Amino acid sequence: MKIAIIGAGNMGGAIARGLASSTKEMTITVSNPTTNKLKKLKAEFQAIVTTTDNRTAAKDADIVMLAVKPWLVEQVIKEIQPVAGQVLVSVAAGISTEELEAMTGQLGITIFRAIPNTAISCMQSTTIIASRNAIAAQEEMIVSLFSDMGLTFVVPEKQMAAATAMTSCGIAYALKYIQAVTQAGIELGVKPGVGMKMVAQSMKGAAELILQNETHPAVEIEKVCTPGGITIKGVNSLEKDGFAAALINAVKIAAK
Ligand SMILES: NC(=O)c1ccc[n+]([C@@H]2O[C@H](COP(=O)([O-])OP(=O)(O)OC[C@H]3O[C@@H](n4cnc5c(N)ncnc54)[C@H](OP(=O)(O)O)[C@@H]3O)[C@@H](O)[C@H]2O)c1
């Protein structure tokens with residue numbers, strides 16, 4: 001399988017590294033207009049083919065992944081001219097599969113939108129996928145590629161904005177939690193470096209409880225809240241200060 005990745009930035013670079021670390025048989029070609037990121041990739045993974053020419057990268061590729069900024073997507077599609085039989089995967093935020101299909105000028109071409117989050121760089125992405133004109137085997141293939149780099153969820157196109165706000169943007173809200181709790185710890189005398197790791201590991205633990213046990217957060221919260229104890233005081237303080245409402249609003253605003 002030949003995969004072309006157009007754009008070697010945060011997303012393209014992370015996807016290239018993730019795919020190159022996978023055990024799947026594939027040839028990966030990455031294109032980028034400047035060479036610094038390409039040289040770095042090549043130094044880390046000799047097997048990755050690099051080029052500054054998008055057309056060379058995309059020619060003969062089975063899968064072409066677009067990892068450029070959203071405003072460059074149309075220009076790059078026109079440049080590479082994907083053909084029927086190639087699978088186009090866009091990681092660009094905010095461009096629907098319908099718009100992507102129109103940009104290609106090829107009705108019926110197989111299109112995927114894949115929205116990872118930045119944790120893809122440590123193989124812990126939450127990747128949201130929607131497809132157009134794809135058969136089940138193609139969907140399985142794309143899900144399988146991204147599943148080597150974290151957890152992957154296929155959603156209908158109309159849920160893409162909501163799921164992106166919850167996960168791709170949501171990682172920033174989770175990081176705000178880590179930052180704020182670390183700040184509280186500093187005020188209480190805990191050194192920032194160690195405090196930050198404590199909070200990050202607590203958050204990882206909370207996430208693992210949900211993912212491994214498949215329980216509801218309320219069930220796990222109840223386990224921590226001894227009647228008359230200290231945790232429930234904090235939980236009630238969060239309620240009073242609008243913690244849940246602030247997060248609900250943040251996700252809804254980001255999804256607009
Ligand atoms: N970051 C996120 O959390 C996130 C999450 C999900 C989806 N996305 C999407 O991922 C896409 C890429 O974002 P990013 O954060 O990876 O941006 P980025 O780090 O700026 O990477 C974009 C890359 O595209 C290259 N580029 C510019 N013009 C190009 C062209 N004509 N042909 C080929 N490559 C070109 C840039 O090269 P130079 O720098 O050398 O100019 C850069 O390496 C965006 O559409 C974004 O919406 C991002």
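The values are calculated or read from the model by the stated rules, or taken from the named source; none is laboratory data. Being a predicted model, the structure only gives us computed values, none of them experimental. Here the Cβ positions follow ideal geometry from the backbone for every residue, glycine too, while neighbour counts run over all protein chains shown.
Of the residues making up the stretch 82-104, those that are farther than 19 Å from Gln138 by Cα and at pLDDT below 95 are Ala93, Gly94. Quick one: would you say Ser144 is assigned by TED's automatic domain parsing to the domain that holds Ala20, over 17 Å from Leu66 (Cα atoms) and either in contact (Cβ under 8 Å) with a residue 60 or more places away in the chain or away from the ligand (no atom under 15 Å from the Cβ) (or both)? Yes: the conditions hold for Ser144. If you check Asp62, Asp53 for being out of contact with any helix residue (DSSP H, G or I) (no Cβ under 7 Å at 6 or more places or on another chain), away from the ligand (no atom under 11 Å from the Cβ) and modelled with pLDDT of 95 or more, only one passes: Asp62.
Of all residues in the stretch 2-17, which are more than 11 Å from the ligand (Cβ to nearest atom) and at positive phi? Within the stretch 2-17, none qualify.
Out of curiosity, is Glu79 part of a helix (DSSP H, G or I), under 14 Å from Ser131 (Cα atoms) and out of contact with any Leu (no Cβ under 8 Å at 6 or more places or on another chain)?
Details: part of a helix (DSSP H, G or I): yes; under 14 Å from Ser131 (Cα atoms): no; out of contact with any Leu (no Cβ under 8 Å at 6 or more places or on another chain): yes.
Here the answer is no, as Glu79 does not meet what is asked.
Say we look at the stretch 21-40 and pick out the residues that are out of contact with any strand residue (DSSP E or B) (no Cβ under 6 Å at 6 or more places or on another chain), of a type outside the set (Lys, Arg) and outside any loop (DSSP other than H, G, I, E, B); which of these is surrounded by the fewest Cβ atoms within 10 Å (Cβ to Cβ)? Spell out how you get there, then give the answer.
First, pick out the residues of the stretch 21-40 that are out of contact with any strand residue (DSSP E or B) (no Cβ under 6 Å at 6 or more places or on another chain): 21-25, 32-37, 39-40.
From the residues that got through so far, the ones that are of a type outside the set (Lys, Arg) too are 21-23, 25, 32-36.
Next, only the ones that are outside any loop (DSSP other than H, G, I, E, B) stay: 21, 36.
Values: Ser21: 12, Asn36: 9.
It comes out as Asn36.
Scanning the stretch 118-135 for residues that are of a type outside the set (A, V, I, L, M) and surrounded by 15 or more Cβ atoms within 10 Å (Cβ to Cβ) yields Thr118, Ser121, Gln124, Ser125, Thr126, Thr127, Ser131, Arg132, Asn133. For Thr182, the conditions (1) at pLDDT 95 or above; (2) in a helix (DSSP H, G or I); (3) within 12 Å of the ligand (Cβ to nearest atom) are fulfilled apart from (3).
From the list Ala134, Ala163, the one residue that fits, being out of contact with any Lys or Arg (no Cβ under 9 Å at 6 or more places or on another chain) and part of a loop (DSSP other than H, G, I, E, B), is Ala134.
Flag not set for Thr126, criterion: touching a helix residue (DSSP H, G or I) at 6+ places or on another chain (Cβ under 7 Å), polar (S, T, N, Q) and farther than 24 Å from Ser22 by Cα.
Scanning the stretch 96-117 for residues that are buried (at least 18 other Cβ atoms within 10 Å of the Cβ) and not in a strand (DSSP E or B) turns up Thr97, Leu100, Glu101, Met103, Thr104, Gln106, Ile109, Pro116, Asn117. Just one of the listed residues (Ile115, Ile135) is under 26 Å from Gly9 (Cα atoms) and in the same structural domain as Ala84 (by TED's automatic domain parsing), namely Ile115.
For Ile109, the test of being over 16 Å from Leu19 (Cα atoms), in the same structural domain as Ala57 (by TED's automatic domain parsing) and modelled with pLDDT of 95 or more is passed. Only residues that are closer than 17 Å to Met1 by Cβ and near the ligand (Cβ under 8 Å from one of its atoms) were counted across the stretch 66-95, and they come to 0.
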